[in-house]
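Engineer: Mind having a look at this structure? Questions to follow.
What follows is calculated from the coordinates using simple rules that are stated; it is not laboratory data. Nothing here was measured: the structure is a model prediction, and the numbers come from that model. For neighbour counting, all protein chains shown are included, and Cβ atoms are generated from backbone atoms with ideal geometry for every residue, glycine included.
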Amino acid sequence: MNSGSSSPLVTIVTPSYDQAEFLEQTICSVLAQDYSAIEYLVVDGGSTDESVAIIKRYASRLHWWVSEPDSGQSDAINKGLKRANGEIVAWLNSDDLYLPGAVAAAVDVMQSRPDLGFVYGDAITIDENGRPINHLTFPNWSFDDLMAFRIICQPAVFMRREILEQVGYLDETFHFMLDHQLWLRIASQAPIRHIPLMLAAARNHPTAKNVSQAEQFSRETYEVMAWMENQPEMVDIINQNRRKIQGGVYRLSARYLLDGGFYGESLKTYWRSMIAQPGYALRHWHRMLYAFICIFGGQSLDEWYYQNRRQKRIDLTSHAELSGWVGLRLDG
């Protein structure tokens with residue numbers, strides 16, 4: 001897409017805190033986009049590493065940045081989103097990347113469908129060195145699917161600011177499932193659409209929140225469920241699809257517990273998912289087996305599985321557009 005004077009402004013917000021190892025790559029993946037009408041804001045939470053020095057290096061290309069204490073990720077993101085002037089807005093965490101053409105692709109679809117509340121694309125996961133691990137593809141989820149805890153990849157999401165303002169930004173009482181709770185609120189007010197293109201790279205590394213604080217993610221899935229049960233527009237859907245929704249929340253919770261090494265609790269929670277919605281739960285049969293074996297095999301098996309999973313990486317060398325892209329290593 002060739003951006004011009006009539007192209008809608010897109011605001012990107014990067015919340016940052018002590019992730020200097022990845023921050024520069026994140027910033028460069030935004031600045032390297034082939035869509036010029038971008039307003040880029042960086043909200044640093046008072047980092048004590050080299051993050052501020054990195055931000056200052058790119059300050060002339062940022063619309064605004066700040067480094068000051070905040071109340072967490074939701075607060076930092078909202079601080080940026082409330083300053084946004086763009087018709088389309090998104091946030092990109094300081095360890096993730098946009099892939100080539102991501103912003104332009106999102107704009108194309110949102111311009112063609114003015115009714116959409118947000119769009120989301122496919123993504124890849126990468127390790128701390130930028131090597132691809134998995135290719136994450138998604139179907140066209142509906143509002144009902146999101147209520148059943150069908151998850152999308154946050155950095156591959158672009159929202160319409162008008163709808164975001166209407167639903168009231170991120171709920172700062174959520175610290176882990178904050179994105180999914182926001183998707184639910186937006187999808188309750190406007191249609192959403194999947195873009196079958198790789199838009200982002202989500203970094204998977206030992207200090208990432210979904211790895212290092214997996215138990216809290218698990219807990220907050222239930223808090224989102226409790227919140228849903230108090231939303232008038234969701235009550236009838238819950239009553240009509242209770243087993244599907246329970247199966248979804250249990251399976252997602254079990255996955256987080258497994259990632260955090262809570263094998264016994266993970267297996268119990270997978271069993272609850274099986275009772276609620278067997279067909280959906282059984283798609284994770286290999287994870288259930290892994291949790292069962294790890295109860296007896298201990299940490300040595302956990303390390304073997306982690307290394308084995310990383311060795312079975314996806315091969316993206318055929319994607320010429322990704323060759324040489326900032327933050328990616330496709331050379332094995």
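Engineer: Taking the Cβ of each residue in His180, His319 as the centre, tally the other Cβ atoms inside 10 Å and list the residues starting with the fewest.
Structural biologist: Numbers: His180 20, His319 16.
So the ranking, lowest neighbour count to highest, is His319, His180.
Engineer: Fewest Cβ neighbours within 10 Å first, please rank Glu165, Glu24, Glu215 accordingly. Walk me through the intermediate numbers first.
Structural biologist: Values: Glu165 13, Glu24 20, Glu215 17.
Result, fewest neighbours first: Glu165, Glu215, Glu24.
Engineer: Note the full-extension length gain between Asn230 and His205 as 0.36 nm times their separation in residues minus their Cα-Cα distance, in nm to one decimal.
Structural biologist: 5.5 nm
Engineer: Follow-up. Quick check: Cα centre of the range 116-141 to Cα centre of the range 52-84, how many Å?
Structural biologist: Cα centres, the range 116-141 to the range 52-84: 24 Å.
Engineer: As an exercise, identify the trypsin sites (Lys or Arg not before Pro) in the range 68-173 lying in DSSP coil whose Cβ has no more than 14 other Cβ atoms within 10 Å. List each step's numbers first, then the result.
Structural biologist: Working: sites: Lys79, Lys82, Arg83, Arg150, Arg160, Arg161; in loops: Lys82, Arg83, Arg150.
Answer by residue number: Lys82.
Engineer: Determine one quarter of the surface area of the Cα convex hull of the chain, which equals its mean projected area, and express it in nm² to one decimal.
Structural biologist: Averaged projected area of the chain's Cα convex hull equals 16.7 nm².
Engineer: State whether the range 10-206 is rounded, prolate or oblate according to the following rule on the C-alpha gyration tensor (a ≥ b ≥ c being the square roots of its eigenvalues): a/c under 1.5 gives rounded; otherwise a/b larger than b/c gives prolate, and the remaining case gives oblate.
Structural biologist: Values: a/c = 1.44, a/b = 1.33, b/c = 1.09.
Cα axes put the range 10-206 in the rounded bin.
Engineer: Rounded, prolate or oblate: which one fits the range 124-192, using the alpha carbon gyration tensor with axes a ≥ b ≥ c (rounded when a/c is under 1.5, else prolate when a/b beats b/c, else oblate)?
Structural biologist: Prolate, since a/c reaches 1.5 and a/b exceeds b/c.
Engineer: Mind sorting Met159, Met228, Met110 by how few other Cβ atoms lie within 10 Å of their own Cβ, fewest first?
Structural biologist: Result, fewest neighbours first: Met228, Met110, Met159.
Engineer: Ala32 to Glu165: extension gain in nm, 0.36 nm per residue of separation minus the Cα-Cα distance?
Structural biologist: This chain segment gains 45.1 nm when fully extended.
Engineer: Still on this structure, please answer the following. Quick check: from the Cα gyration tensor, does the range 1-113 come out rounded (a/c under 1.5), prolate or oblate? Write out the running numbers ahead of the final one.
Structural biologist: Details: a/c = 2.14, a/b = 1.70, b/c = 1.26.
Here the range 1-113 falls in the prolate category.
Engineer: Oh, and also: Kindly provide the helix-only [θ] at 222 nm of the chain, computed as the sum of -39,500 (n - 2.57) over DSSP H runs of four or more divided by all residues, to the nearest 500 deg cm²/dmol?
Structural biologist: Dividing the helical sum by the residues of the chain leaves -14000 deg cm²/dmol.
Engineer: Okay, moving on. With a point put 7 Å past each Cα toward its Cβ, work out how far Arg113 is from Glu21 in nm, to one decimal.
Structural biologist: 3.7 nm
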